[in-house]
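Just below is one structure, and these are the notes that go with it.
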Amino acid sequence: MTGFREGRQRDFKYAYELYYDKIYTFAYNLISNETEAQDITTDTFVKLWRLRENFGSLGNIKAFLYITCRNACLDFLRHLKVERKTHGKIRYSQKIEELIPSEMMDAEVFIKLARLIEQLPGKCRKIFELIYYNNLSTSEVAQEMGITNQNVLNQKARAIHILRTGLMQKSF
């Protein structure tokens, strides 16, 4: 231990070879990330080297390595959790941002459509509303209004043409 504390590489190498695989396996089992487990293990041994003067036995070194490795793994997992949460929020806000123009466009279309329906000629509007708002069939509308089925179909076609033409104009 004296040589280890004094910084003899041979003595440090002994501790490194004795514990490296165990510490790496410990880290990998905690975080399931090979590259990060290697980095954490390496950083753990760098810390051991820096603090080598403080150790009196292999037992102390072993405890230090496991505790330091565990703490680094927990830090990594906490960071990963925050990162995932942040990425999730970013993805959610991107989805929202992607939907906003579409939803704004839909709202504008519905507003324009409602205005156009209000502007339809009286009989034409009433037939359109009975068919599309009240879900009445052509014959039910004809019977209610006292007109022929063909007249209902003509007025419905007229309403659709007027609405389609109005929606095609770029006055949103």
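Return, ordered by residue number, the residues of segment 115-132 whose backbone nitrogen is under 17 Å from a label point located 7 Å along Cα→Cβ of N151.
What the label zone holds, given the 17 Å backbone N cut-off, is 121-131.
Hey, can you rank 155-167, 134-146 by average C-beta count inside 10 Å, highest first?
Details: 155-167: 15.4, 134-146: 13.8.
So the peptides 155-167, 134-146, ranked by packing, come out 155-167, 134-146.
Which of (1) 47, 37, 30; (2) 49, 42, 27; (3) 110, 31, 18 is the computed Cα extents along the principal axes in Å for the structure on display?
Read-out taken from this structure: (3).
If amide H atoms are built 1.01 Å from N in the plane of the peptide, which residues on other chains or at least 5 residues away come under 5 Å of the amide H of L136?
Excluding prolines and chain starts, which carry no amide H, the hits are I131.
Nearest 20 debye, what's the magnitude of the dipole of segment 120-168 about its Cα centre given +1 on Lys and Arg Cβ and -1 on Asp and Glu Cβ? Walk me through the numbers before you get to the answer.
Numbers: 6 positive and 3 negative charges, 46 e Å.
So the magnitude is around 220 debye.
Pairing the Cα long axis of helix 122-132 with the longest principal axis of the chain, what angle in degrees results, from 0 to 90 and rounded to the nearest 10?
40
In degrees, nearest 10, range 0 to 90: what is the angle between the Cα axis of helix 58-119 and the longest Cα principal axis of the chain?
Computed tilt is about 10 degrees.
Compute the long axis of helix 9-31 from its Cα atoms, compare it with the longest principal axis of the Cα atoms of the chain, and write down the angle in degrees, 0 to 90, nearest 10.
Helix 9-31 sits at roughly 30 degrees to that axis.
With runs of 4+ DSSP H residues as the only contributors, calculate the mean residue ellipticity of the chain at 222 nm using -39,500 (n - 2.57) per run, divided by the residue total and rounded to the nearest 500. The partial results should precede the final answer.
Values: 7 runs with 146 residues, N = 172.
Mean residue ellipticity at 222 nm (helix-derived): -29500 deg cm²/dmol.
Measuring from label point to label point, each 7 Å out along Cα→Cβ, what is the Y16 to L113 span in nm?
Result for the modelled spin labels: 7.2 nm.
Values quoted throughout were computed directly from the atomic coordinates according to the rules given, and no laboratory measurement underlies them. The shown structure was predicted, so the numbers you read here are calculated from the model rather than taken from an experiment. Please note: Cβ atoms are built from the backbone with ideal geometry, for glycine as well, and neighbour counts cover all protein chains shown.
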